[in-house]
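The values are calculated or read from the model by the stated rules, or taken from the named source; none is laboratory data. In this text, all values refer to a predicted model and were calculated from it rather than measured experimentally. Neighbour counts run over all protein chains shown; Cβ positions are idealised from the backbone, glycine included.
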Amino acid sequence: MKTFIGPRLRRLRTDNGQTQAQMGRALGISTSYVNLLEKNERSVSVPVLLKLFEVYGVDWRDIAEDDETAQLADLRAALADPLFEDGRPDLAQVRAALTHAPDLAACFLRLHRAYLATTDQLMSVAEAGEGGGGLLFSSPEATVHNFFRKNRNHFELLEQAAETFWDGPPPAADDIYAGLKQRLMDRLGVRVQLMRVAEMPGTLREYDERRRLILLSEALDHPNRVFQLVHVAGLIEQRGAIDGLLTESGLDDAHGRARCRVELANYFAAAVLMPYGPFLAEALASKYDFDHLATRFGVSFEQACHRATTLQRRGAPGVPFFFLRIDKAGNVTKRFNATDFHLAEHGGACPRLDVHSSFRMPGRIWPQKVEMPDQSRFFVFSRTVDRPTFARDRQDVRLAVAMGCAAEHMGAIGYAETLATADAPVTEIGINCRICPRNNCDQRAHHAVALADPVDERRRGATRYSA
């Protein structure tokens, strides 16, 4: 397989203040060869990659890493915007842009994201009137999502740390809570105390650093008590590793960094409780039966689903999933993505996704085959999950999660067996109504910003937005 590193090599040279001739002498190659490499007219050889490490201290895996998959998906999703309907480049042109001008592609994506954020904020201000006070900013959740997706939702540093969490074999599932409390005391001098709901109103877990004390609400069930203890252990023991990842992230917003720190500690906790190799093996053997996986590893259904999105280790990948969680109003409350599927950041998800229907029958799996406006197809399954309940006047605290993957992976997933036939129904969906070009959709909630056709006052279509 040929490897092209033109833009990265050019950036490395300019960062070091060198001419092509100077870099050629340093690497022991000709100036003309450096020029050809930078223009992607020649693929780089292994000896040159090794020389780059020797001379510049650059890991060849970093400079040669093919990170185009997520960027290509982002570009295709951005170009699916009806704004580009009249002059949309084909796939070959998009790939060429990523190969020859990745910085320009990144700038385009940044500009398009700013356009989306600005449009949504202006809509919010308009809806709220003079008292709206909307501010143009990217939410902490959005910045964290982008950072995780840039890393393919996988952090090998935290995976390796998780594998050494226990001195020997981990405790049996029914002993792990006691084992964690003992480990926290022995290694960190941290005690654990279970608190009545009335003593911690509205709080599930609190770490009192001064007293070296973790307070857990009795509203937490067993899997979540265990998860919270490993989470706190991760915050303490993996502070250096998490700080390093935060530095790499480039996040300079305090809210974004704090949110990212929590999610990285969650990642570590999931990796401890669901070790990569055993979890992947069990997932493949069970055809991704997440109820089985939750039982097998003593975690919640949602935790097992979330863990499956992180199985992207080089040489041992699982099915690339996206994860979406919504509330009963349709608001997206959590999202992680290792696929080409573009998840809504602002507003709700597409109402034609069965993740919304799952609230009607709690606990049931809803499988669905869907098609995006660009004709890419995905398999999605949804189910409700319950949240901790503090009191009788706060019953039915329920969310819904959706897991999805490209249709080509359906054979690996048991939930897809009823939709494996060629004549299985396919639901046409979009990212959300704001940019979806399906003007005749009977679920459209408002006019898409880039659909310029006026409404025909002489005709009433399936919705008031279709002419």
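For (1) in contact (Cβ under 8 Å) with a residue 40 or more places away in the chain; (2) closer than 16 Å to Ala402 by Cα; (3) aromatic (Phe, Trp, Tyr), each residue gets a yes or a no:
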position: His292; (1), (2), (3): no, no, no
position: Ser300; (1), (2), (3): yes, yes, no
position: Gln303; (1), (2), (3): yes, yes, no
position: Ala308; (1), (2), (3): yes, yes, no
position: Arg335; (1), (2), (3): yes, yes, no
position: Thr339; (1), (2), (3): yes, yes, no
position: Asp374; (1), (2), (3): yes, no, no
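A search for C-beta distances below 7 Å between a residue of segment 43-58 that is more than 18 Å from Arg25 (Cβ to Cβ) and any residue that is exposed (fewer than 14 other Cβ atoms within 10 Å of the Cβ), counting only pairs 6+ apart in sequence or on different chains, returns Ser43/Lys2.
Entry remark, segment 71-117: residues being acidic (Asp, Glu) and over 18 Å from Lys150 (Cα atoms) number 4 in total. Kindly check whether there is at least one residue in segment 168-187 that is touching a Phe, Trp or Tyr at 6+ places or on another chain (Cβ under 9 Å), at pLDDT 90 or above and among the aromatic types (Phe, Trp, Tyr). Looking for residues that are touching a Phe, Trp or Tyr at 6+ places or on another chain (Cβ under 9 Å), at pLDDT 90 or above and among the aromatic types (Phe, Trp, Tyr), one finds none in segment 168-187, hence no.
Scan segment 301-318 residue by residue and report those that are surrounded by 19 or more Cβ atoms within 10 Å (Cβ to Cβ), over 14 Å from the mean Cα position of the chain (by Cα) and not in a helix (DSSP H, G or I). Hit for segment 301-318 is Gly318, nothing else.
Residue count for segment 12-40 satisfying the condition of being touching a residue at least 24 places away in the same chain (Cβ under 8 Å) and of a type in the set (D, E, K, R): 3.
For segment 254-271, which residues satisfy the criterion of being out of contact with any Asp or Glu (no Cβ under 7 Å at 6 or more places or on another chain) and of a type in the set (D, E, K, R)? Residues satisfying the conditions are Arg257, Arg261, Glu263.
Thr418 - would you say it is hydroxyl-bearing (Ser, Thr, Tyr), closer than 30 Å to Glu199 by Cα, exposed (fewer than 15 other Cβ atoms within 10 Å of the Cβ) and outside the structural domain of Ala198 (by TED's automatic domain parsing)? Answer is no for this residue.
When you scan segment 113-125, do you find a residue that is charged (D, E, K, R), surrounded by 14 or more Cβ atoms within 10 Å (Cβ to Cβ), modelled with pLDDT of 80 or more and within 21 Å of the chain's Cα centre (by Cα), even just one? Scanning segment 113-125, I find no residue that is charged (D, E, K, R), surrounded by 14 or more Cβ atoms within 10 Å (Cβ to Cβ), modelled with pLDDT of 80 or more and within 21 Å of the chain's Cα centre (by Cα), so the answer is no.
If we scan segment 151-169, do we find a residue that is hydrophobic (A, V, I, L, M, F, W, C) and farther than 30 Å from Asp74 by Cβ?
Looking for residues that are hydrophobic (A, V, I, L, M, F, W, C) and farther than 30 Å from Asp74 by Cβ, one finds at least one in segment 151-169, hence yes.
Which residue is surrounded by the fewest Cβ atoms within 10 Å (Cβ to Cβ), if the candidates are limited to segment 1-21 and must be among the polar types (S, T, N, Q) and at pLDDT 90 or above?
Selected residue: Thr19.
Rundown of residues vs (1) in a strand (DSSP E or B); (2) surrounded by 23 or more Cβ atoms within 10 Å (Cβ to Cβ); (3) not assigned by TED's automatic domain parsing to the domain that holds Ala162, yes/no style:
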| site | (1), (2), (3) |
| --- | --- |
| Leu215 | yes, no, no |
| Asn224 | no, no, no |
| Gly234 | no, yes, no |
| Ala241 | no, no, no |
| Leu246 | no, no, no |
| Arg257 | no, no, no |
| Val262 | no, no, no |
| Asn266 | no, no, no |
| Pro278 | no, no, yes |
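Of all the residues in segment 22-43, those that are loosely packed, with under 15 Cβ neighbours inside 10 Å, of a type in the set (D, E, K, R) and in a loop (DSSP other than H, G, I, E, B) number 2.
Assessment of segment 186-205 against the conditions (of a type in the set (Ser, Thr, Tyr) and either touching a residue at least 60 places away in the same chain (Cβ under 8 Å) or farther than 19 Å from Leu273 by Cβ (or both)) yields at least one matching residue.
Please state which one of Glu141, Glu159 is closer than 30 Å to Leu215 by Cα, under 21 Å from the mean Cα position of the chain (by Cα) and either in a loop (DSSP other than H, G, I, E, B) or at pLDDT below 80 (or both).
Working: Glu159 fails: either in a loop (DSSP other than H, G, I, E, B) or at pLDDT below 80 (or both).
Going through Glu141, Glu159 in turn, the sole match is Glu141.
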